[in-house]
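The values are calculated or read from the model by the stated rules, or taken from the named source; none is laboratory data. Quantities reported herein were computed from a predicted structural model and do not represent experimental measurements. Heads up, the Cβs are rebuilt from the backbone with ideal geometry, glycines too, and the neighbour counts pull from every protein chain shown.
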Amino acid sequence: MREIFEIMDFEFWGTGKHKLAPEKFIETENVLLLDVRSTEETSAITINETDFFSFKYLNIPFDKLPERLDEIPKDKLIITFCPGKVRSTIAFAFFINEGYNAKIFDGGYNELTSLFKTGKIYKASRK
């Protein structure tokens, strides 16, 4: 873990290379959106996969990540998501430490739901 923290210097955090913007998210292939919100949160606001975008979706509550690590594919880019970004940032560091290719979804609910606007789905359906 020490080596991982050493690469996360001012330049690393300042350039934003650890994040994936919503526009880039929907264009990226072979992606898993890993929702680290609690069961209570996902009951209130649900996220589903769609045939229009290429991402896969999985919810594993933050506190269950270590025990459910075998459910996370190593051959996909893991995009961690939670609306406040605290849990997704810690999960991101956890996955980097475990040897995964990971980034943080750059946004909260508003940015995520904006992906499902009619125009964006229409464009995605034309690919």
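Among the listed residues Phe94, Phe81, identify the single one that is of a type in the set (Phe, Trp, Tyr), at pLDDT 85 or above and more than 23 Å from Asn110 (Cβ to Cβ).
The unique qualifying residue is Phe94.
May I ask you to list pairs of residues, at least six apart or on different chains, whose Cβ atoms are under 8 Å apart, with the first in segment 92-106 being over 13 Å from His18 (Cα atoms) and touching a residue at least 40 places away in the same chain (Cβ under 8 Å) and the second being assigned to a strand (DSSP E or B) and of a type in the set (Val, Ile, Thr)?
The qualifying pairs do not exist here.
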